[in-house]
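S.K.: Right, I'll just put the structure down here and ask away after.
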Amino acid sequence: MTRVTSDELEYVSATLCAKNPGVDQHDIARLVYDVYEELASQARCTTHLIPLTLNVSRRRLADAYGQGVGARAAMWRAAIKLNNREAPIGLPPPG
């Protein structure tokens, strides 16, 4: 792993820590590095590994801690609570 990759993974971890303050920072960092290693081991092209790592890590955190996947999911949850099954304006369904 290069220094640049390590710095990018630290940024991904910091981003996810900021969005998930109730989750231990070490757990998030371990998840990010594990996801990166998993994706890198299967990758033919490594150009998009960092964005993929962010996306997969974010989704696994959401699954593990029962949190939504970003603002889009929060808006959908709010719409469903109001019994409004239509998409918030301009947003496709989460997922």
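S.K.: Six or more apart or on different chains, Cβ under 9 Å: which pairs go from a residue in the stretch 16-33 that's open to solvent by less than 30 Å² (accessible area, probe 1.4 Å) to one that's of a type in the set (F, W, Y) and in a helix (DSSP H, G or I)? Could you list them?
M.R.: Partner pairs satisfying both residue conditions: N20/Y65; V23/Y65.
S.K.: Something else: Out of the stretch 1-22, which residues are over 13 Å from the mean Cα position of the chain (by Cα) and not charged (D, E, K, R)?
M.R.: The answer is M1, T2, V4, T5, S6, P21, G22.
S.K.: Filter the stretch 41-66 down to residues that are of a type in the set (S, T, N, Q) and assigned to a helix (DSSP H, G or I) and give me whichever is most open to solvent (accessible area, probe 1.4 Å).
M.R.: The selected residue is Q42.
The values are calculated or read from the model by the stated rules, or taken from the named source; none is laboratory data. Here the structure is a predicted model, which means the values were calculated and not measured. A quick note on method: Cβ atoms are made from the backbone with ideal geometry, for glycine too, and the neighbour counts reach across all protein chains shown. Note: areas computed on protein heavy atoms with side chains; ligands, DNA, RNA excluded. Shrake-Rupley method; radii C 1.70, N 1.55, O 1.52, S 1.80 Å.
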